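The values are calculated or read from the model by the stated rules, or taken from the named source; none is laboratory data. Being a predicted model, the structure only gives us computed values, none of them experimental. Every residue, glycine among them, receives a Cβ derived from its backbone with ideal geometry; neighbour counts consider all protein chains shown. Please note that ligands, DNA and RNA were not included when accessible areas were found on the heavy atoms of the full protein model with its side chains. Shrake-Rupley method; radii C 1.70, N 1.55, O 1.52, S 1.80 Å.
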Amino acid sequence: MDDHKDTNENLPGGEHQQDDSSHQHEHGEQDESDAESDEQRVEQDLLEEEAHPAAESETVLDEQHEHAGHEGEGHDHGSHEGHGEGHGGMHKGHEQMFRRRFFVSTLLSIPVLLYSEMLQEWLGFSVPAFPGSEWINPVFAVIVFAYGGMPFLQMAVPELKDRSPGMMTLISMAITVAFVYSLASVVFPTQSAFFWELVTLIDIMLLGHWIEMRSVRRASSALDELAKLMPDTAERITDDGETEEVPVSELSEGDLVLVRPGASVPADGTVEEGDSDVNESMITGESKPVSKEPGDEVIGGTINGDGSLRVRVGATGEETTLAGIMRLVEEAQQSKSKTQVLADRAAGWLFYVALGAAVVTAIAWTVAVSFDATVIERVVTVLVIACPHALGLAIPLVVAINTSLAARNGMLVRDRIAMEDARNLDAIIFDKTGTLTEGEHGVVDMATVDGVDEDDALGLAAAVESDSEHMIARAIREAADERDLTTPDATAFEAIKGRGVRANVDGNEVYVGGPNLLTQLDSEIPDHLQRFADEAGQNAQTVVYLVRDGELIAAFAMADVIREESFRVVDALHDLGIEVVMLTGDSQDVANAVADELGIDTVFAEVLPEDKDEKVQELQDQGKLVGMVGDGVNDAPALTRADVGIAIGSGTDVAVQSADVILVQNNPMDVVRLVKLSKASYRKMQENIVWAAGYNVFAIPLAAGVLAPIGILLSPAVGALLMSLSTVIVAINAKLLRRVDLSIPELPSGTPATDAQPAD
């Protein structure tokens, strides 16, 4: 019979369809067989993935897609439904597998419990006996071991092959010892068998694993939720002005799409027509809708408000902001923190501790009462109580919730270790312009040398700045426009990094730039322009100079307003015991004026972009753990040099390779939230490690029987219950991280703080 007949009905033309009823019957049997085979293959892959949690992400994703395909064939699910389930889908597969095995094993355990003589004696009940009833316990226990216990044995094999025993090895050892001893008791009758303890132990282990997978899947749902943001279809506007509904995957850069009120934006792009408010909270964490008009950028996956928009597509597929965010979230979920590495090592150490305790227990009890069933029971109980099952959940669950909470508040974590280090930062360096200040300059005053008219000087400066997109250039051009000045033509424009710009105007070589430009040109500052610059500096204003043919002829005072949030940020960081440092290319006077107003501790002024990393190194040489906050482009060397590099205001440019953490919004308050979340997450990790492993300090001696002289003994089942209880406590404690307060205190004036967003 054709091995592929179950797929024939999906082939074009149906060439191999059979009408014969017997063949149809064979098809049905083959379908069922193949479905079971697919399910077993998927389950086997899940077990292998559980045993190899450190597999490379690319391989994991490939396997997930393959599994989704198998499920789609076996159950007539659409490929779109199965595709791209991500971590949520993987953990859901684990969860369903352990859930199914738990319920089946529990049902099969009921006869074992009912026909257990020890339980009948303890609980005072009896069940009718019949011929062969003495085989109920061993038969059903073997089935439960083979079905419910086999996953743990399979997952222990890679640990033993890698010579890195862990939790699966301990679980397997415990149930195998109980299983072998109980079977031996059937052939060689002893005082008691462990059949009921064996099945309850397996049931409780399956329950604990099910709870773990369920908790991790729910906490790891950030990727799934992000994937749901992107619509399946878009309304593309054709050349004749009509609209056609097409899959989002068919959109190309340059397409014009219609975004109706209440609809999701299908791709990143620029508004060409229409006005509306767009809800970007799911991407940036900004709770208020953002007004959009022609020329503004929109992000794919955000929700349009009441207006209708026509958007020119700028990026699709893997190039979109949402795709970039998903990549960063995935990297964060897959990366390990220092605490996770410590927990992994602790699991390995605990294996040897448990093994040693079991050996000591066996020797002590053998000496005390001779070798019998009691010795095996004590050894089994020690091994069960020492299982680091909860230890495996302790850190990953906190990491998953941390990542979700950070992403919902506009913090994209690329490096888990950096996120963890943020709690210990001694100093945080802020780039001044656009971070602590609004970054929007305006010409508020000017001075010229004798013989040069102010309008002529301003027009000349606007001409030189005509090809520049720098905020100072825009401010000078706007000032010239306000005066209705006619600017001359400029040629041979050149930007001088960190100093200014130059161009040829009417045959003259003209420069516009800050103090660093004058240093390069070795230009002298006339006395009255120096006084003008000093007064401007005292007023926290930036001074820009105009140089024509080597002669300084004018100076312009530029104002950059301090952001209202900056006051709260500095105060909040001081409350956390963190030194605040400001880094700027502006003059020392301007920098000092801003620093005095904000209460900043240390100021680095007149620093060129290429020298910023040296200032980071200077603080590190003082033994400080340093965080750097910059725009992720000009500040790349400093971000890389810092212990924690934070790119702020990246907007749609989420693929900033130099930063450890990316803050989607241009909001310095998120830096405080980052530190607070880091502290809270680390605290939860430490608490979970204590809950997961610390109880062994008391439980292992108790399981070994140190209180046996006063009649207190733990059975293997009670040991399994205590272990599973620690798993539940760890899960609940990790979920309390969702309640962490990430809000920033209000200003004395009563300006409300921006609300933090909860985790998923």
Exercise. What residue, among those in the stretch 608-643 that are modelled with pLDDT under 85 and of a type in the set (A, V, I, L, M, F, W, C), is nearest to LEU517 (Cα to Cα)?
Worked result: LEU608
Exercise. Of SER291, SER287, which residue is at pLDDT below 90, within 25 Å of ARG408 (Cα to Cα), open to solvent by 40 Å² or more (accessible area, probe 1.4 Å) and assigned to a strand (DSSP E or B)?
Worked result: SER291
Exercise. So which of VAL127, VAL139 ends up being over 30 Å from LEU170 (Cβ atoms) and over 43 Å from the mean Cα position of the chain (by Cα)?
Worked result: VAL127
For this session: Could you tell me which numbered condition LYS228 fails, if it satisfies all but one of (1) assigned to a helix (DSSP H, G or I); (2) exposed (fewer than 14 other Cβ atoms within 10 Å of the Cβ); (3) at pLDDT 85 or above?
Result: (3)
For this session: Can you tell me which residue among GLY442, GLY451 is closer than 23 Å to PHE567 by Cα and among the small types (Gly, Ala, Ser)?
Result: GLY442
Seminar exercise, completed: Residue set LEU552, LEU546, LEU529; condition within 15 Å of ASP450 (Cα to Cα), modelled with pLDDT of 85 or more and touching an Asp or Glu at 6+ places or on another chain (Cβ under 8 Å); output residue LEU552
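For (1) at pLDDT below 85; (2) part of a loop (DSSP other than H, G, I, E, B); (3) buried (at least 21 other Cβ atoms within 10 Å of the Cβ), each residue gets a yes or a no:
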| residue | (1), (2), (3) |
| --- | --- |
| ILE143 | no, no, no |
| LEU153 | no, no, no |
| PRO158 | no, no, no |
| PRO165 | yes, yes, no |
| ILE171 | yes, no, yes |
| ALA178 | yes, no, yes |
| LEU198 | yes, no, yes |
| GLU212 | yes, no, yes |
Problem set entry | Restricting the stretch 118-137 to residues that are surrounded by fewer than 16 Cβ atoms within 10 Å (Cβ to Cβ) and either in contact with a Cys (Cβ under 9 Å, 6 or more places away or on another chain) or in contact (Cβ under 8 Å) with a residue 24 or more places away in the chain (or both), the residue that is nearest to VAL187 (Cα to Cα) | MET118
Exercise. If you go through the stretch 261-278 one residue at a time, how many are surrounded by 13 or more Cβ atoms within 10 Å (Cβ to Cβ) and under 14 Å from GLY300 (Cα atoms)?
Worked result: 10
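Do we find that VAL413 is open to solvent by less than 40 Å² (accessible area, probe 1.4 Å), over 30 Å from ARG739 (Cα atoms), out of contact with any Gly (no Cβ under 7 Å at 6 or more places or on another chain) and touching a residue at least 24 places away in the same chain (Cβ under 8 Å) in this structure?
No.
Select the helices (runs of 4 or more DSSP H) contained entirely in the stretch 325-427, then report the ones holding at least 3 residues which are in contact with a Lys or Arg (Cβ under 6 Å, 6 or more places away or on another chain), modelled with pLDDT of 75 or more and among the aromatic types (Phe, Trp, Tyr).
In the stretch 325-427, there are no helices (runs of 4 or more DSSP H) which contain 3 or more residues that are in contact with a Lys or Arg (Cβ under 6 Å, 6 or more places away or on another chain), modelled with pLDDT of 75 or more and among the aromatic types (Phe, Trp, Tyr).
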Problem set entry | Identity of the residue in the stretch 458-509, basic (Lys, Arg) and modelled with pLDDT under 85, that ends up nearest to the chain's Cα centre (by Cα) | LYS497
Problem set entry | Residue among THR487, THR542, THR519 that is more than 30 Å from LEU425 (Cβ to Cβ), surrounded by 15 or more Cβ atoms within 10 Å (Cβ to Cβ) and of a type in the set (Ser, Thr, Tyr) | THR487
Exercise. Which strands (runs of 3 or more DSSP E) does the stretch 520-636 wholly contain that include 3 or more residues that are closer than 19 Å to VAL675 by Cβ?
Worked result: 579-583, 626-630
